[in-house]
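Take a look at the structure set out below.
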Amino acid sequence: MNEHQTQEVEPAPALDPDLPPPEIDPAKLDADGLKVLRHLRRNGHQAYFVGGCVRDLLLSAKPKDFDIATSASPEEVRRTFRNCRLIGRRFRLAHVYFQGHKVIEVATFRKNPVEEILVETPQAAEGDLLISEDNVFGTAEEDARRRDFTINGLFYDVALGEVIDYVGGRTDLAARVIRTIGSPAIRIREDPVRILRAIRFAAKLELQIEPGTWEAMKAHASELSRCAPARVFEEILRLLRSGASRRALELLREAGALAMLLPSVDAFLASAPEIESSRFYGLLDFVDARLRAGLPTDDSILLGALLLRIVRAAPQKDSPLTAIEPLLNELVRVARLPRRIAEGTRLLVLSQGALLGERRRRGSPTRFMRSPHFDEALLLMEANAQVSGEGAEALERWKERRAAMSPEASRAAALGPAGVPTSPRGPRAGSQPRRPAPPAIERAAEPDDSAGDAFGSSGLL
């Protein structure tokens, strides 16, 4: 059996005609998720759809994932499905794999480890509540109550066609309110990343954050520095990929979280003239519109849109490289920004000077356009032209040149003279070996001429 195939399952039993119609249209439920859920139930376990998928379906939105909560332990889930792997230490999960690299995430019911401590020792609420391990198993109700927000604590019982609500999530969903389950201060201190999650839900789903929850978020924003950088980075990317990054950035600033995560961005927005802050948010509007339209948008473009106006607004005495290095170093330090994304972002932002004719460009236009990053750099140029008017005429000239390249010419240019793909990861056929890449993002800012050396091999400068 292929590891991305699941066991054959029997057809779903017909719904009892004496029961009321299901609260969620069965046609909107994920077919592979149903297979996993029903197979768990046939093996004697409780199993429900849970969290975001239930929330989104009740809001008439399309869920990104269909997660399952079950009474089966992670090991029992792994024994039930051959196409299953267990992941995580802090929070042990089962991933069930299907064709096309699709994953159904299955979590065992848990209870809140902090809650047990506070019941026995109430004064512990004054101490450190950060959850470092979350593998204390429990019941379905305990699992609902240990979740972050009421709107994420809903279960859906497919067999009965009913939403199970232990935490008042239906009421808050109807009121379009985000509220923590239990004490806001305790829930935020248990996991400060919940600040970023609340902001993402509020921005993307156009919800309001309940006042007590909002005050706790502002009071404990500084504790984001205690969270694992990998989790912080993933949440930053989710905010930028949400299609509502402008609203998310505004809420981050209001909550005091932007100063913790991206102090340079926060300082820019605090001191920039209104025209520059308008251009900054205009770039976010541009990428948000692309994402909502389902257009491919690389993470480097998202970060490029976030940083471009800060670089463009830097004092003239500073080179673009001098301006962007501290921004990228900050992302590396705070969120462990992967080198691949950092280098892609640097390329896209620094290439704007060459596209605008502000700095010397090496080689012919054809060589410039055959860079693997050229189309993304042109997209960022288009976004900037829309919000600032900079380079509108140059943009049209580059577009005309790009359109004049026939598909055959574009392919030949991309392959190079010997039919070898050109790539920033390796030299073209017949070229001299490239300089070794710098060992880390964090390095002293270089003068502008050395920036040309660093990116000339990619044809961007």
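The values are calculated or read from the model by the stated rules, or taken from the named source; none is laboratory data. Since this is a predicted model, take the numbers as computed values, not measurements. Here the Cβ positions follow ideal geometry from the backbone for every residue, glycine too, while neighbour counts run over all protein chains shown.
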Task: Residue list for segment 81-95, filter: in contact with an Asp or Glu (Cβ under 8 Å, 6 or more places away or on another chain) and in contact (Cβ under 8 Å) with a residue 24 or more places away in the chain - done: 82, 83, 89, 90, 91
TODO: For residues that are modelled with pLDDT under 95 and closer than 15 Å to residue 147 by Cβ, tally how many sit in segment 195-239.
DONE: 0
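Mind checking which helices (runs of 4 or more DSSP H) fall wholly inside segment 249-295 and carry at least 1 residues that are polar (S, T, N, Q) and touching a residue at least 60 places away in the same chain (Cβ under 8 Å)?
Numbers: elements: 258-261, 263-271, 274-292.
In segment 249-295, 263-271, 274-292 are the helices (runs of 4 or more DSSP H) which contain 1 or more residues that are polar (S, T, N, Q) and touching a residue at least 60 places away in the same chain (Cβ under 8 Å).
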Open item on the list: Looking at the structure I just gave you, is residue 366 buried (at least 17 other Cβ atoms within 10 Å of the Cβ), assigned to a helix (DSSP H, G or I) and assigned by TED's automatic domain parsing to the domain that holds residue 390?
Closed with: no
- [ ] State all residues of segment 52-108 that are basic (Lys, Arg) and part of a loop (DSSP other than H, G, I, E, B); if no residue qualifies, say none.
- [x] 62, 64, 82, 89, 90, 92
Task: Only one of 336, 312, 346, 340 that is at positive phi and basic (Lys, Arg) - done: 336
- [ ] Quick one: which residue in 187, 147, 194 is basic (Lys, Arg), in the same structural domain as residue 75 (by TED's automatic domain parsing) and crowded, with 19+ Cβ neighbours inside 10 Å?
- [x] 147
TODO: Answer yes or no as to whether residue 278 is surrounded by fewer than 17 Cβ atoms within 10 Å (Cβ to Cβ) and modelled with pLDDT of 95 or more.
DONE: yes
- [ ] For segment 325-334, indicate whether the set of residues that are surrounded by fewer than 17 Cβ atoms within 10 Å (Cβ to Cβ) and not in a helix (DSSP H, G or I) is non-empty.
- [x] no
TODO: Can you tell me which residue within segment 165-222, out of those that are hydrophobic (A, V, I, L, M, F, W, C) and touching a Phe, Trp or Tyr at 6+ places or on another chain (Cβ under 8 Å), is farthest from residue 59 (Cα to Cα)?
DONE: 181
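For segment 312-324, which positions are in contact with a helix residue (DSSP H, G or I) (Cβ under 7 Å, 6 or more places away or on another chain), in a helix (DSSP H, G or I) and either in contact (Cβ under 8 Å) with a residue 40 or more places away in the chain or closer than 15 Å to residue 341 by Cα (or both)? Steps first, please.
Filtering segment 312-324 for residues in contact with a helix residue (DSSP H, G or I) (Cβ under 7 Å, 6 or more places away or on another chain) gives 313-314, 319-321, 323-324.
From the residues that got through so far, the ones that are in a helix (DSSP H, G or I) too are 320-321, 323-324.
320, 321, 324, listed by residue number.
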Open item on the list: Could you tell me how many of the residues in segment 149-169 are part of a loop (DSSP other than H, G, I, E, B), touching an Asp or Glu at 6+ places or on another chain (Cβ under 7 Å) and free of Cβ contacts under 8 Å to residues at least 60 places away in the same chain?
Closed with: 1
TODO: Could you identify the single residue in 294, 344, 391, 357 that is at pLDDT below 90 and not charged (D, E, K, R)?
DONE: 357
